[in-house]
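Throughout, read-outs are computed from the coordinates displayed, never taken from laboratory work. Just so it is clear, the structure is predicted and the values come from calculations on it, not from any experiment. Neighbour counts are summed over all protein chains in view; Cβ atoms, including those assigned to glycine, are modelled from backbone coordinates with ideal geometry.
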Amino acid sequence: MLRLFVNGAEDAATTTTVVPADGIGRVRIGRDLGINGFQGQIDEARVFNRALDAGEIAGLARGGAGPP
């Protein structure tokens, strides 16, 4: 399940089976290799070693330190 959160609230969700063939594919934030180039700014991007639940994401949006 892939979920998009905006300001701590879930905005969209979809299921996906796409997995990098090597299992360690690159993470790209704000980059599209096609014609849909990102025209904006990314602020406070973080990468975690596990999926966060909705409560943890909402806490981060409120300025919390986030999970360990």
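Assorted remarks:
- Built amide H within the under 5 Å cut-off of Phe5, gap 5+: Asp11
- Estimated FRET transfer efficiency when R0 is 30 angstrom, pair Ile35-Arg62 (beta carbons, to 0.05): 0.25
- Virtual paramagnetic centre 7 Å along Cα→Cβ of Asp43, amide N under 19 Å, in the range 49-68: 57-66
- Within the shell defined by Cβ-Cβ distances under 15 Å, the residues around Asn7 carry a net charge of -2, with Lys and Arg each +1 and Asp and Glu each -1.
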